[in-house]
Amino acid sequence: MAILEVKNLSKTFGDLKVLKDISFNVEQGQVVAIIGPSGSGKSTLFRCINMLERADSGEITVSGLKMMTTEKNKAVFAPSKILRQIRLKIGLVFQNFNLFPHMSVMQNIIEAPTHVLKQSKKEAKANAEKLLEKMGLEEKAKSYPCELSGGQQQRVSIARALALNPEILFFDEPTSALDPELTGEILKVIKELAKEKMTMVIVTHEMAFAREVANHVIFMDGGYIVEEGDPEELFGNTQNERTKQFLQRYNN
Amino acid sequence: MNFDDIKNVAEILLQYLPNTLKLFAWTLVLSIPVGVIVTWLKKCRFKPISWLTNLYILIMRGTPLMLQIIAVYYAIPMLMAGARKSGADNWFYTLLGKINTRDENYMFIALVVAFVLNYAAYFAEIFRGGIESIPVGQYEASSMLGMTKMQTFFRIILPQVVKRVIPATSNEVIVLVKDTSLANVIAFAEITLKSKQMMNTYSSIVPLFVAGVFYFIMNAIVTVAFVYIEKKFNYYK
């Protein structure tokens with residue numbers, strides 16, 4: 001079953017068409033990497049699916065719930081109750097983490113479970129401890145975000161997103177604010193999650209990272225999906241001229 | 001002036017210190033919540049309300065507090081005089097007529113009204129700056145976690161705003177301690193008025209210095225208090 005279905009998605013900023021008729025699916029357990037040059041529309045696509053931006057037309061369906069459809073060329077969004085349900089099915093990891101600085105690591109993770117899902121503090125804490133262990137941060141529960149390294153902060157933000165038990169996890173350039181040495185930490189965590197069949201979509205600038213972690217790659221340019229497919233195929237043996245050109249520039 | 005005279009001056013000023021402190025405390029306690037409301041009105045999406053709030057802030061910050069005190073204090077007597085001239089006889093003027101402008105309480109209320117109106121405008125701008133300095137990522141993260149707007153504001157944004165506005169607020173509170181001296185303009189019996197009177201009695205400038213020492217000590221206490229509060233919030237960056 002497709003967890004995420006995107007159909008004919010379009011978005012315009014003023015005169016600039018940023019997304020032109022984007023369609024793709026993400027299946028349960030898939031790890032999808034979205035790559036492409038700056039300005040290709042990958043961030044906007046990401047923001048539209050995560051409801052940080054509203055698309056102009058098209059359809060987005062998240063595990064059977066319609067977030068938006070298009071009727072008579074106008075986008076129709078689901079009632080806010082449904083949007084809230086969808087919101088909780090999607091986990092999001094930001095480029096610059098966006099942890100809550102005034103809360104400890106533990107508070108960051110249990111904030112939404114206790115106040116949004118209304119779990120008991122005990123239950124949320126037990127779950128958070130498991131997540132921290134998984135992230136290799138069990139000793140940092142009482143620390144504040146400013147006391148952690150970038151890689152550690154990013155792992156806390158992954159734990160925070162996972163605490164809501166999302167069906168699909170999105171990463172917005174998860175390593176671009178990190179030291180190249182710290183990228184490995186995040187890569188390890190994502191691989192770990194992939195083993196558990198977590199469905200993930202990763203927007204990234206790092207080709208090596210995408211190649212290593214993804215089992216499906218989408219290459220975007222100029223608001224279109226130029227090519228999508230198996231990472232070995234796309235990175236090693238693409239027939240598409242535009243993809244070749246882009247990858248070549250990266251390899252140099 | 002000899003030492004005994006100075007002691008005498010200090011003792012008299014000490015008697016009137018509660019008046020200064022009362023004005024300071026009432027202004028502080030009321031102008032902060034009023035400031036929050038003004039911030040909220042300024043950020044109101046219904047534009048006319050936001051414009052009116054801007055006009056209010058412009059006037060309060062753009063004119064001297066001393067003039068504002070005089071204006072508020074004389075507003076009611078002037079309205080009463082106007083009412084008498086025009087021979088109006090409605091509930092509003094009847095109500096005005098019941099106010100005794102020579103009453104100590106009336107004077108104090110007029111002062112608090114003028115101070116709160118003025119200080120709320122400054123606090124509102126400080127709070128607005130604080131709210132707008134919170135990165136948009138904090139709102140995005142809250143929405144990603146399914147938090148409501150109320151939860152986002154009270155649990156995520158506000159605690160961070162409080163930390164950020166403490167330094168600017170401490171400035172404002174220190175100025176408020178000194179601004180209470182402006183109440184002498186309508187002959188409110190606080191320490192500046194009394195020290196001016198004693199300056200005449202003793203034909204000496206020393207009573208003013210003694211008053212200065214009083215303000216200095218009050219502000220030393222305010223400063224220490226804010227250093228303590230800032231430290232309390234230092235557990236995160």
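How much mean residue ellipticity at 222 nm does chain B get from its helices, if each DSSP H run of length 4 or more adds -39500 (n - 2.57) and you divide by all residues, to the nearest 500 deg cm²/dmol?
-27000 deg cm²/dmol
What Kirkwood hydrodynamic radius, in Å, does region A:142-252 give when the mean of 1/r is taken over all pairs of distinct Cα atoms and then inverted?
Values: mean 1/r = 0.0650 Å⁻¹.
Evaluated on region A:142-252, it is 15.4 Å.
For chain A, with all protein chains present and a 1.4 Å probe, just round the carbon and sulfur fraction of the accessible area to a whole percent.
In chain A, the share of accessible area belonging to carbon and sulfur is 46 percent.
Just how large is the dipole of the protein assembly as shown about the Cα centre, in debye to the nearest 20, putting +1 at every Lys and Arg Cβ and -1 at every Asp and Glu Cβ?
Values: 54 positive and 45 negative charges, 305 e Å.
Charge dipole, the protein assembly as shown, about its Cα centre: 1460 debye, nearest 20.
Would you mind calculating the relative contact order of chain A from Cα pairs under 8 angstrom and at least 6 residues apart, reporting the percent as a whole number? Don't skip to the answer; put the middle values down first.
On the way: 470 pairs, mean separation 65.8, N = 252.
It comes to 26 percent, rounded to a whole number.
Set the Förster radius R0 to 45 Å, insert the Cβ-Cβ distance between B:Trp51 and A:Ser149 as r into 1/(1 + (r/R0)^6), and round the FRET efficiency to 0.05.
Plugging the Cβ-Cβ distance into 1/(1 + (r/R0)^6) gives 0.40.
For region A:73-178, which trypsin sites (Lys or Arg not before Pro) are both in a DSSP coil and crowded by at most 15 other Cβ atoms within 10 Å? Intermediate values should be presented prior to the final figure.
Working: sites: A:Lys74, A:Lys81, A:Arg84, A:Arg87, A:Lys89, A:Lys118, A:Lys121, A:Lys122, A:Lys125, A:Lys130, A:Lys134, A:Lys140, A:Lys142, A:Arg155, A:Arg160; in loops: A:Lys118, A:Lys142.
Answer by residue number: A:Lys118, A:Lys142.
Percentage of Cα-Cα pair distances in region B:3-232 greater than 27 Å, rounded to whole percent?
When every Cα pair of region B:3-232 is considered, 49 percent fall beyond 27 Å.
Pairs of alpha-carbon atoms within less than 8 angstrom and 6+ residues apart define the contacts here; what relative contact order does region A:1-148 have, in percent?
17
What is the Rg over Rh value, at two decimals, for the protein assembly as shown, using alpha-carbon atoms and the Kirkwood definition of Rh?
Values: Rg = 31.6 Å, Rh = 27.5 Å.
Ratio value, two decimals: 1.15.
Take each of the peptides B:50-63, A:28-41, A:195-208, average the number of other beta-carbon atoms within 10 Å over its residues, and list them starting from the highest.
By packing density, highest mean first, the sequence is A:28-41, A:195-208, B:50-63.
A:Ala177 to A:Arg211: extension gain in nm, 0.36 nm per residue of separation minus the Cα-Cα distance?
10.3 nm
Normalized C-alpha radius of gyration of region A:2-251, against 2.2 N^0.38 Å?
Scaled against compact globular proteins, the figure is 1.02.
Compute the FRET efficiency between B:Tyr236 and A:Gln239 as 1/(1 + (r/R0)^6), taking r as their Cβ-Cβ distance and R0 = 51 Å, and round to the nearest 0.05.
My answer for the efficiency is 0.45.
Per-residue Cβ counts within 10 Å, from other chains only, averaged over A:181-190: what number is that?
0
Tell me the per residue accessible area of region A:119-252 using a 1.4 Å probe; a whole number in Å² is fine.
Here the per-residue accessible area is 49 Å².
What is the log10 of I(q)/I(0) for region A:80-210, computed with the Debye formula using one identical point scatterer on each Cα and no solvent, at q = 0.15, 0.19 Å⁻¹?
Debye curve over Cα of region A:80-210, log10 I(q)/I(0) at q = 0.15, 0.19 Å⁻¹: -0.68, -1.10.
In straight Cα distance, which lysines are under 17 Å from B:Lys231, not counting same-chain residues fewer than 8 positions off?
Straight-line reach from B:Lys231, under 17 Å: B:Lys163.
For B:Ala81 paired with B:Ile205, estimate the spin-label separation in nm (one decimal), with each label point 7 Å from Cα along the Cα-to-Cβ line.
3.6
Using the Cα centre as the reference, give the magnitude of the dipole from point charges on the C-beta atoms of chain B (Lys, Arg: +1; Asp, Glu: -1; all else neutral), rounded to the nearest 20 debye.
Result for chain B is approximately 800 debye, rounded to the nearest 20.
Taking a probe of 1.4 Å and counting only protein heavy atoms, give the total accessible area buried between chains A and B in Å², rounded to the nearest 100.
Interface area, both chains combined: 2000 Å², rounded to the nearest 100.
The values are calculated or read from the model by the stated rules, or taken from the named source; none is laboratory data. These numbers come from a predicted model, not from an experiment. Counting neighbours? That spans all protein chains shown, and the Cβs are built from the backbone with ideal geometry, glycine included. Just the protein is used for accessible areas: all its heavy atoms, side chains included, with ligands, DNA and RNA removed. Shrake-Rupley method; radii C 1.70, N 1.55, O 1.52, S 1.80 Å.
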